[in-house]
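Report on the following structure.
The values are calculated or read from the model by the stated rules, or taken from the named source; none is laboratory data. Everything quoted here is computed from the prediction, not taken from an experiment. Using ideal geometry, Cβ is built from the backbone for each residue, glycine included, and neighbour counts are taken over all protein chains shown. We work out accessible area using only protein heavy atoms, side chains counted, and drop any ligands, DNA or RNA first. Shrake-Rupley method; radii C 1.70, N 1.55, O 1.52, S 1.80 Å.
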Amino acid sequence: MTKGALYHHFENKTALGYAVVDEVVRPWIEESWRPLVGAEDIVATAMALTRDLLRERGEQVLTYGCPLNNLINEMASVDEGFRERLESILDDWRNGMAEALRQAQKRGQLRRGFDAGAAADFVIACIEGGFGMAKLRKSPKVVESVMRGLADYLQQLRA
């Protein structure tokens, strides 16, 4: 694509960046957690989503990391528009996961007495931290280890 064609569609590089966040990163992240909402077995569904993510995008994550995490680290502190968009994606992920956990608690699938919001924060931190560590070490074993730890945590939430 020529520079002229690019600027025909986008006012500037920032507008292009916002479009990438809105049209590529947001759907990519949402695809990773939306199936949890209403899942019959949230723990099994979470583990299946993780396995699918590693199988389908593992090499990409090992090479480049998570696009959301990368953009948070690079752009959130320098551009308010990026920060707002990235925060919105993260908030939707956290709120969606917390709601899925609360639903599972109400169904008796998960034990009561844990804070679903805090659990969602922890799960997201594990996933994003695991991807960051795997990117740094260029090793799938790192993220696989983190995901095993996450699976153990989720199993402990079962009723």
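Could you say whether any residue in the range 132-143 is over 21 Å from Met47 (Cβ atoms), part of a helix (DSSP H, G or I) and modelled with pLDDT of 95 or more?
Scanning the range 132-143 turns up no residue that is over 21 Å from Met47 (Cβ atoms), part of a helix (DSSP H, G or I) and modelled with pLDDT of 95 or more.
Identify all residues within the range 102-122 that are open to solvent by less than 10 Å² (accessible area, probe 1.4 Å) and within 16 Å of the chain's Cα centre (by Cα); write none if there are none.
Answer for the range 102-122, where residues must be open to solvent by less than 10 Å² (accessible area, probe 1.4 Å) and within 16 Å of the chain's Cα centre (by Cα): Gly117, Ala119, Ala120.
From the list Ala119, Ala134, exactly one residue is touching a residue at least 40 places away in the same chain (Cβ under 8 Å) and in contact with a helix residue (DSSP H, G or I) (Cβ under 6 Å, 6 or more places away or on another chain). Which is it?
When all the criteria are applied, what remains is Ala134.
Among the listed residues Leu90, Leu71, Leu54, identify the single one that is within 27 Å of Lys13 (Cα to Cα) and more than 12 Å from the chain's Cα centre (by Cα).
Leu71
Mind listing whichever residues of the range 89-109 are of a type in the set (Gly, Ala, Ser), in contact with a helix residue (DSSP H, G or I) (Cβ under 8 Å, 6 or more places away or on another chain) and touching a residue at least 40 places away in the same chain (Cβ under 8 Å)?
Gly96, Ala100, Ala104
Determine whether the range 120-129 contains at least one residue that is of a type in the set (D, E, K, R) and modelled with pLDDT of 95 or more.
Checking the range 120-129: at least one residue is of a type in the set (D, E, K, R) and modelled with pLDDT of 95 or more.
Just to check your reading of the model, which residue among Tyr18, Tyr64 is within 20 Å of Gly132 (Cα to Cα) and open to solvent by 40 Å² or more (accessible area, probe 1.4 Å)?
Tyr64
Just for the range 21-43: of the residues that are open to solvent by 60 Å² or more (accessible area, probe 1.4 Å) and of a type in the set (Val, Ile, Thr), which one is farthest from the chain's Cα centre (by Cα)?
My answer is Val37.
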